[in-house]
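Asker: Below you'll find the structure I mean.
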Amino acid sequence: NPRQFDADDVQILRDLAGLAERELRSTALDAAPELAGRFQQERRRVLLDPVTRLWNREGILEMLEAQIGPALVTDMFVVVLIGVAPPGQTEAASDELMRRVASHCLGAIRASDSIGRFGPAEFMIVTGPISGARQAKRIAERLRLRIPGLAGPADAPILTIGLVVAEAGQAVTPAALADAAQRALTEARAAGGDCVRSAGDAPEERESAA
């Protein structure tokens, strides 16, 4: 026959259940920081490029999304896309070349800027706040002119840069900004490379930027 529980038995069972629940919660809370740390480590590993140890494409796009904010761009910033070509543009960029370019890019950007490997021979930089389009151009030119110095004149890599400025108050997506920077880079390459092109440049501005 089923056992009959009186009120005291029921209360004891409830108390035991409560103790067990609190113990489980306590164990879960104790483990939470460790689990969160492991998750963050794994997440970071997934978002890093194994060659350069910079953000990979997904990682830098996440940085770009964070810079835009939940709805509108709050502070003007710039997306810089750097195309790297070996001397003579006759061979694929090697891992060693990409590591060297990555290292020099890191030395040329500010602490508020983020950089990632956007493609096999491309880097994306998402800057912190800037004062205007002229500063964006200066940032891009500094990158283009500095990095060839990492090798001798005859074997320096060729850097071609496309950029797009995100205006404050602009409603835009990371994909739209990345596409605009990619189009500007494609235009710069079509112009012969070793130059900077900005999305939305007027023809006379393009000539002065070359």
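The values are calculated or read from the model by the stated rules, or taken from the named source; none is laboratory data. Please read these numbers as outputs of a predicted model, since none were measured by experiment. Every residue, glycine among them, receives a Cβ derived from its backbone with ideal geometry; neighbour counts consider all protein chains shown. Surface accessibility is based on the protein's heavy atoms, side chains included, excluding ligands, DNA and RNA. Shrake-Rupley method; radii C 1.70, N 1.55, O 1.52, S 1.80 Å.
Asker: Can you name every residue in the stretch 115-147 that is among the polar types (S, T, N, Q) and surrounded by fewer than 22 Cβ atoms within 10 Å (Cβ to Cβ)?
Answerer: Once the filter is applied, which keeps residues that are among the polar types (S, T, N, Q) and surrounded by fewer than 22 Cβ atoms within 10 Å (Cβ to Cβ), the stretch 115-147 yields SER131, GLN135.
Asker: How do the pairs read when you match residues in the stretch 45-65 that are of a type in the set (Gly, Ala, Ser) with residues anywhere that are open to solvent by 20 Å² or more (accessible area, probe 1.4 Å), using Cβ under 7 Å and keeping only pairs 6 or more apart or on different chains?
Answerer: Listed by first residue and then by second, the contacts come to GLY59/LEU48.
Asker: Mind checking which residues of the stretch 173-201 are open to solvent by 30 Å² or more (accessible area, probe 1.4 Å) and of a type in the set (A, V, I, L, M)?
Answerer: ALA175, ALA176, ALA190, ALA191, ALA199
Asker: Would you pick out the residues in the stretch 95-114 that are among the aliphatic types (A, V, I, L, M) and open to solvent by 70 Å² or more (accessible area, probe 1.4 Å)?
Answerer: LEU106, ALA111
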